[in-house]
1. Please go through segment 141-177 and pick out each residue that is assigned to a loop (DSSP other than H, G, I, E, B) and either under 20 Å from the mean Cα position of the chain (by Cα) or in contact (Cβ under 8 Å) with a residue 40 or more places away in the chain (or both).
2. Any residue that is modelled with pLDDT under 95 and touching a strand residue (DSSP E or B) at 6+ places or on another chain (Cβ under 9 Å) - is there at least one of those in segment 69-82?
3. Looking at this structure, is residue 160 over 14 Å from residue 3 (Cβ atoms), touching a helix residue (DSSP H, G or I) at 6+ places or on another chain (Cβ under 7 Å) and modelled with pLDDT under 90?
4. Is it the case, given these coordinates, that residue 35 is modelled with pLDDT under 95, in contact with a helix residue (DSSP H, G or I) (Cβ under 7 Å, 6 or more places away or on another chain), assigned by TED's automatic domain parsing to the domain that holds residue 132 and under 29 Å from residue 1 (Cα atoms)?
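The values are calculated or read from the model by the stated rules, or taken from the named source; none is laboratory data. Keep in mind that this is a model prediction, so the values were computed, not measured. With ideal geometry, Cβ positions are generated from the backbone for all residues, glycine too; neighbour counts draw on all protein chains shown.
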């Protein structure tokens, strides 16, 4: 499952000698669930999710304010994707974060200690169905890699199976390793 994929990812990075990496952990279904709860129509939803995936919070604000929702709904849809930090951020979204709580509870302590929850994390590939994650290192200003759950993907090829996985950009990993050895921080 997801916890196992995250554990293997962290063990692989540990084996390379990378020391300062962190894993941003979000849920691909969390924000779409919030949009459903506020009856956001499909046309607006696609534009909003594009802004979220691009991490364009100004564009996200523009798109959400254009919906004409009440102030409470607007505030929720703008605030939630900007929540990052420890497990306390999960309390702010209640049951919507139960999947993330389950993943976190299943992680070994060494892996859990590297997790930063990011409730606005949205991977650009549309096949993610649950937890999504990205790997960051202070020596590099962009993700080293990422992954998540994609339970519906294999069904597109004729075999319905749950799945989780990840990929690393080896060139970025090398740059981060060199940067850590030099003591660089971005």
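1. 150, 151, 152, 153, 162, 163, 169
2. yes
3. Answer is yes for this residue.
4. For residue 35, the condition - modelled with pLDDT under 95, in contact with a helix residue (DSSP H, G or I) (Cβ under 7 Å, 6 or more places away or on another chain), assigned by TED's automatic domain parsing to the domain that holds residue 132 and under 29 Å from residue 1 (Cα atoms) - is not met.
Okay, residues lined up against (1) out of contact with any strand residue (DSSP E or B) (no Cβ under 6 Å at 6 or more places or on another chain); (2) surrounded by 12 or more Cβ atoms within 10 Å (Cβ to Cβ); (3) closer than 24 Å to residue 73 by Cα:
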{"position": "89", "(1), (2), (3)": "no, yes, yes"}
{"position": "92", "(1), (2), (3)": "yes, yes, yes"}
{"position": "95", "(1), (2), (3)": "yes, no, yes"}
{"position": "157", "(1), (2), (3)": "yes, no, no"}
{"position": "161", "(1), (2), (3)": "yes, no, no"}
{"position": "166", "(1), (2), (3)": "no, yes, no"}
{"position": "174", "(1), (2), (3)": "yes, yes, no"}
